[in-house]
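Worksheet: the structure to be examined is printed underneath.
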Amino acid sequence: MSTSLNASRAVWLHIGAGSFHRAHQAWYLHRLIAKGDTHWSIALANIRDDATPLLDALAEQNGQYVLETVTPQGERQYETITSIRKVIPWDNELAALMAEGARPETRVISFTVTEGGYYLDNQFNLDQGNGDIQADLLGGCRTIYGTIAQLLEYRKQLNGDPVTLLNCDNLRHNGERFRHGLMQFLQLRQEKALIGWIESHTRCPNTMVDRITPRPSPDVAQRVAQATGFQDRAPVMGEAFIQWVIEDDFIAGRPALEEVGVELVESVLPYEEAKIRILNASHSCIAWAGTLIGQSFIHESTGTPAICQLAYDYVTQDVIPSLTPSPLDLAAYRDVVLERFSNPHIRDTNQRVAADGFSKIPGFITPTLQECYQRGQVPAATAMLPALFFVFMQRWHQHNLPYDYQDGILDAAAVRQMFNSADPVAVFAADEKLFSTLAHSAPFAQLLRQSIDKVNHWLTQ
């Protein structure tokens, strides 16, 4: 096991200045500092310029901001987070980010990426045809691969010190799959020397992260000001529940995270499978269904009996048998998840959770479909999830969604072509990127057709 290095200060560089990092990893590092361990601090950066106002606000506040947490019972707590000690301004060349990543004091580089931001196909290989990947193969920094490749090349040239690359997001086997994608990216660029250096000087632990963190609404700042007197320009809010499970494989030291509740384990697999299939997939199910009946918030959709029953049946009938045996009490975890989704004080939006469906179906849902068939079970409950997404995207095609649907890998032309075809359901069911081997299964196609009919019947009741 590798722990804090007491001889000098160490920096944890995080790429991705969104709310989740500031409600999750930054909170854990803050709690460690509050316990008296001041060896580690965070430097915060972003690849794109869309977070510049936030970074500017944080810089003016010396990296400090208030985290509001709320329980399902409405109990709110406020804590000033102090772990971000450096805010790295965005520049077009990412020069400041590269310089920070190359410093010997930087021993962990973490990042939060959406599912689509990994640009992986259904075999978890790099999608070489993607425009952003193509741009980065020519030397750009639009993606996590181009950015990390340039950063590590600079670090290799400058000092060659080892560093841990740590994913903090919902991709299954995230450390392994990021490393595989990065190596494929560098092979395409024929960066043999850098590949060799990465193999010997980096580690990529798998992780599982969990805390529902909606986009902050203006009333968060108002409550923070009322409760603390601080006119915070960068507050963040999240649920009281929090969890972080990390494969204990760091190469250049790490904070003593186990002292503040992080679970350092040999294998993250059972934790991430439960979280991805029970929490993340159910979350998407509820968001798609709720949107279809005109609801805006996750808690009101979870509180709708028919929608809650869809999620409950999916987990109970298909997921729990797929994940058994497990070191976790899966039924209890299901119940806790649905209680968390029911929290009326979070006000998490269906719009946020409904995003990135074209990545979530193959990542969160298709494995359960496949495993049900493998054990001779028809996955009727699970098939309702892609059926909901089909009807959801049909509404998108008809310009009839109540909000702008966001999806990092949405091929709008292909989706419109599908819905303009003679049999859109057949085209959808045959999509290998979504359904892998099931795209060639006539029984699955028939089940999906029946499930879409059930969704449409439900919507007309």
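Rounded to the nearest Hz, the phi-derived 3J(HN,Hα) couplings of the stretch 455-460 under the Karplus curve 6.51 cos²θ - 1.76 cosθ + 1.60 (θ = phi - 60°) are 4, 5, 5, 4, 6, 9, where x marks glycine and proline.
Rounded to the nearest whole Hz, the Karplus-based 3J(HN,Hα) values (6.51 cos²θ - 1.76 cosθ + 1.60, θ = phi - 60°) of the stretch 376-388 follow the sequence x, 10, 7, x, 4, 5, 5, 4, 5, 6, x, 5, 4, with x at glycine and proline.
The calculated 222 nm mean residue ellipticity attributable to helices in the chain amounts to -13000 deg cm²/dmol, summing -39500 (n - 2.57) over DSSP H runs of n ≥ 4 and dividing by all residues. Expressed as a whole percent, the accessible area of the stretch 9-60 that falls on carbon and sulfur atoms is 47 (1.4 Å probe). Rolling a 1.4 angstrom probe over the stretch 224-362 with all protein chains present gives an accessible area of which 51% lies on carbon and sulfur atoms.
Once backbone amide H atoms are built at 1.01 Å from N, TYR65 has ILE81 as its partners under 5 Å, excluding neighbours fewer than 5 places away on the same chain. Label point of ALA57 set 7 angstrom out along Cα-Cβ; within the stretch 193-223, amide nitrogens under 13 Å from it belong to 215-223.
Please enumerate, by chain and number, the lysines with C-alpha under 27 Å from the C-alpha of LYS360, excluding those fewer than 8 residues away in the same chain. Once the sequence-local lysines are set aside, what remains near LYS360 is LYS275, LYS433, LYS454. Here's how it looks for LEU264: its modeled amide H is under 5 Å from those of ILE246, which are all 5 or more places away or on a different chain. Close amide H pairs (under 5 Å, H built 1.01 Å from N) link PHE250 with SER2, residues at least 5 positions away or on another chain.
With a Förster radius of 41 Å applied to the C-beta separation of ALA227 and GLN461, the computed FRET efficiency comes to 0.40.
Think of a 1.4 Å ball rolled over the protein heavy atoms: the chain then has 40 Å² of accessible area per residue.
Rounded if a/c is under 1.5, else prolate if a/b is larger than b/c, else oblate: which is the stretch 341-436, with a ≥ b ≥ c the root eigenvalues of its Cα gyration tensor? Verdict is oblate for the stretch 341-436. Residues in the stretch 183-197 carry Karplus couplings, in order, of 5, 4, 4, 6, 5, 5, 8, 6, 8, 4, 5, 5, 4, x, 5 Hz; the curve used is 6.51 cos²θ - 1.76 cosθ + 1.60 with θ = phi - 60°, and Gly or Pro positions show x. The Cα center of the stretch 45-64 and the Cα center of the stretch 94-108 differ in position by 17 Å. Under 22 Å of direct C-alpha separation, and excluding same-chain neighbours fewer than eight residues apart, LYS35 reaches these lysines: LYS86. Using Cα atoms only, what is the angle between the long axis of helix 330-341 and the major principal axis of the chain, expressed in degrees (0 to 90) to the nearest 10? It is inclined by approximately 80 degrees.
Round to the nearest 10 and give me the degree value, 0 to 90, for the angle of helix 144-158's Cα axis relative to the longest principal axis of the chain. That helix lies at roughly 20 degrees to the long axis. Computing FRET efficiency as 1/(1 + (r/R0)^6) for GLU75 and ALA96, where r is the C-beta to C-beta distance and R0 is 56 Å, gives about 0.90.
Counting only alpha carbon atoms, the long axis of helix 25-34 and the longest principal axis of the chain meet at about 40°. Each part gets one Cα centre, and for the stretch 202-254 versus the stretch 391-427 those centres are 33 Å apart.
Using C-alpha pairs below 8 Å separated by at least 6 residues, the relative contact order for the chain is 15 percent.
The values are calculated or read from the model by the stated rules, or taken from the named source; none is laboratory data. This structure is a prediction, so every number in the text was calculated from the model and none was measured. A quick note on method: Cβ atoms are made from the backbone with ideal geometry, for glycine too, and the neighbour counts reach across all protein chains shown. Note: areas computed on protein heavy atoms with side chains; ligands, DNA, RNA excluded. Shrake-Rupley method; radii C 1.70, N 1.55, O 1.52, S 1.80 Å.
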